[in-house]
Every structure is written in C-alpha cells, then in structure tokens.
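Contents: one structure, followed by commentary.
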Protein chains: 2
Amino acid sequence: MPPVLADRLALYLVADPEQTERDLVEDVAAAIDGGVTCVQLRTKRLVDGEAWALAVRLRDVCRQRDALFLVNDRLDLALASQADGAHLGVTDLPLRVARSLVSPGFLLGYSPETDGEARAAMEAGADYLGVGPVYATASKPDAGAAIGTDGLTRRIAPVEIPAVGIGGITADNAGAVIRAGAAGVAVIGAILRSRDPGIAAACLAASVHAAKGARHV
Amino acid sequence: MPPVLADRLALYLVADPEQTERDLVEDVAAAIDGGVTCVQLRTKRLVDGEAWALAVRLRDVCRQRDALFLVNDRLDLALASQADGAHLGVTDLPLRVARSLVSPGFLLGYSPETDGEARAAMEAGADYLGVGPVYATASKPDAGAAIGTDGLTRRIAPVEIPAVGIGGITADNAGAVIRAGAAGVAVIGAILRSRDPGIAAACLAASVHAAKGARHV
C-alpha cells in the first residue's frame, strides 16, 4: 500500500538557504535521516537559475531518501526540477490555474489566510494545507498574528485534506499541534538554526509520532 | 503562408507597468493598433497573482489584434496565461530545461550577454534573441554598456535565428538597427513614455519597415 499523504507530511522542513549557516543540502540530508518526511525549498533571494540548480540538488537528496520534495511559490521551478509538487499562497498563481498546468499526482499545497480560504483551496484542487502561524515565529517576518492550536483546529475543521501546522513549532509543542488535528508539523528554524539538524529532526519526529500514536488509540 | 517569426518580431514592445503613467493594457492596445507586432510583459514588482491577471488581460488584447504575446523571465506565468512564449536571460531557468517543459511551437527568446552565448542559446533551443543594449537606455538601470550597431552585427553574425535589438531605440535610430541585421526592434520608453503610444508605434513601425524594405531591394 503506498504511504498516504498525511503520513508523508508528518515532519515537513521548509528549506531556506538564508536560515542556515551551513550547507543547506547537507542540512536537509541530515534532517531526512533524522526523520523529516517532506522538504519544501523556499528561497526569496536567489536568481532563478541558482534556485533551479539548488532545487535539483535537493530533489536528488529527497529521492534517494524517499522524502517528498516541493518548491514554494514557483510552479516553473517545481516542474523544472521534477519536484513532487509546489506550495502556493494567496499572492501566487491561482490554484485552479496551477492545477490545470500540472500532471495528475503533482501535489499542490496552499496556505490559506482565513478559515474561508481553507475550504476554497480544497475545492480549487489543493492536496494539503499549510496553516499558521500556530505560534509566534522568527523565521517569517511577514507572518500574521499567531492563531494558536484552537485557531488551527477551527481552520481545518471544514476541510477533508491533510494540513500541516507551521510557525514557531518545536519538539516541545509539536505534539499539541498534532493533537489539534494537524497531519504534520512544518518547521524552519527548529531544524536549520539548531546545532545538529539530524538530532533536531529526530526530536521533532518523536514528538509528532507520539502524538499521532496517542490520537489513534 | 503563416507569417514568419522575423516579421512578427518587427516591432516588439516590452510592456512594463512601471514605465507608463497610463493604463498599461490601453497603452498596449493603442501600440498594437499603431504597428507593434509583439508584446512582452515584464514586471518586477507585482506579486505573482497580480502579474498573472495582467498577463491574461494583455494576452487577450494581443490575440484580438494578432500580435504575439510573451512573458519575461517566468515560464509559469507564460504557461498560466497561455502566452505564445517566454523570454529568458542568463539568470533565469536554463533554456534547455525550459524547452523540455513546453509544447512544440511555444516560443523561447533569450538575451545573450556575450557573443558566445548567442550561439549557445540557439543550440539550446532559443527561437530568437534579444540583443543589446544597442544604445544607452534609461529603462533598464542594470543593462550593461551599449554595444552599438557594430556590436549587434557581430553578436548575431554566428546565429541563424532572428534577433531583435533593444536599448535606447527610437524612430530616429530604428532603421540603423535593422540595417545592422536585426529582424526587429524592441522598445519600452519610446512607446510607454511617449505622449501617444499609438503615434509613437506608428513612427517606429514606419522606420522599421522602410529599413526592412530597403534591405530586401
């Protein structure tokens, strides 16, 4: 049986080269070995040619280790790097348009900014949602106010696709995010700004899996 | 007989919403009515959703008037707006990768920055080249030093695909650019910063066609 999407989203690393002082590709490899199941490339400063080259390297690392690989914002970079999917937001290409341009099976994630947008995104063809910021975050200065685990539960209640919580998530609070209904947790700094990305990923994975296991009892 | 690409590139407008104080779509419509044959959307400041919506409006105006419509830099916006093609440069997705993602007939332009890149671009699948800056330009602050008409002739000598000259081109010097070997001229300010884009396009078109006619005698 192929793994269900909700399981593949359990520990989702947003890989931003500006958030690590090490080599991003090495960080990602160590993080997957530690328990990361899905990697999203997010880069705002690289020119497209550089971003594409980085995407291809990350895709290879993810494929070798059986992790999903997604690209943030940019459908062309996702297609050009043979990623498993792309992640879009309210300022990006409309979801319906993106869906019309990709093959069946290509994953599209979406970050709704309101409860209404969550349902609309599902109807427009999103495969999963990124919901947050659950907690205050230092990684994304333009993120809105934290919605908390109650806000997360409310936002995903009307949708039947999996959601990952994002924003200020650590090994300490990851379990609460899962118990609030998320299929997984997305992190940036908790792995990329840790001393050891492999160990940080293992701690997060342990929290997520403990909470998922408890939920299924 | 379908029009050859060289003819469709004769008067090429780079449509940048930051370069006009009027409505860009109205400027473009007037410019096509005046003689523009090809329109490229270039925008650096709009978010993707806005750029896509503008691209769709420009595509409609171009289709109604039988002008080519292209999108600068972004293959995803070009595909999502059903443009006729995209225009890439040295910092964008590699040409070969872009070529592998599009249907036959989708046009790919490229701006080589050296004489060697011109030939490499043709071999990598470019349909036409944008070559310049021929003259000094106020529209693109990061353009390099002007290469002049001699530089244009030298850069396109080894290639067998059409080229448009760009950079500081006006009705006064457009003929010289054609006589130097270009299939067409690309302008921004000469139309968008003129008082009347339709008249400005008509003047440029007259210069281009006079020079093309003389070349074929």
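The values are calculated or read from the model by the stated rules, or taken from the named source; none is laboratory data. Keep in mind it's a predicted model, so treat the numbers as computed, not measured. Counting neighbours? That spans all protein chains shown, and the Cβs are built from the backbone with ideal geometry, glycine included. These area figures cover heavy atoms from the full protein model, side chains too; ligands, DNA and RNA do not enter into them. Shrake-Rupley method; radii C 1.70, N 1.55, O 1.52, S 1.80 Å.
Descriptive notes on the structure:
- Every residue from segment B:165-213 that is closer than 21 Å to B:Arg154 by Cα and part of a helix (DSSP H, G or I): B:Ala174, B:Gly175, B:Ala176, B:Val177, B:Ile178, B:Arg179, B:Val208, B:Ala211, B:Lys212
Here is a yes/no grid of residues against (1) buried (at least 22 other Cβ atoms within 10 Å of the Cβ); (2) part of a strand (DSSP E or B); (3) more than 11 Å from chain B (Cβ to nearest Cβ):
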residue	(1), (2), (3)
A:Gln64	no, no, yes
A:Val71	yes, yes, no
A:Ala78	yes, no, no
A:Ala83	yes, no, yes
A:Ser100	no, no, no
A:Ala120	no, no, yes
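- Criterion violated by B:Gly109 - all others in (1) outside any strand (DSSP E or B); (2) away from every other protein chain (no Cβ under 14 Å); (3) small (Gly, Ala, Ser) satisfied: (1)
- Segment B:131-164, residues that are over 19 Å from B:Ala190 (Cα atoms), assigned to a helix (DSSP H, G or I) and open to solvent by 30 Å² or more (accessible area, probe 1.4 Å): B:Asp150, B:Thr153, B:Arg154
- Some residue of segment B:50-57 being among the aromatic types (Phe, Trp, Tyr) and at the interface with chain A (Cβ under 8 Å from one of its Cβ atoms): yes
- Residues of segment B:149-178 satisfying the condition of being touching a Leu at 6+ places or on another chain (Cβ under 9 Å) and either under 18 Å from B:His209 (Cα atoms) or among the hydrophobic types (A, V, I, L, M, F, W, C) (or both): B:Ile156, B:Val159, B:Ile161, B:Pro162, B:Ala163, B:Val164, B:Gly165, B:Ile169, B:Thr170, B:Ala171, B:Ala174, B:Val177
- Condition met for A:Ala171 (at pLDDT below 95 and touching a Ser or Thr at 6+ places or on another chain (Cβ under 7 Å)): no
- Within segment B:22-60, the set of residues being modelled with pLDDT of 95 or more, open to solvent by 40 Å² or more (accessible area, probe 1.4 Å) and out of contact with any helix residue (DSSP H, G or I) (no Cβ under 7 Å at 6 or more places or on another chain) comprises B:Arg22, B:Asp23, B:Glu26, B:Val47, B:Glu50, B:Ala53, B:Asp60.
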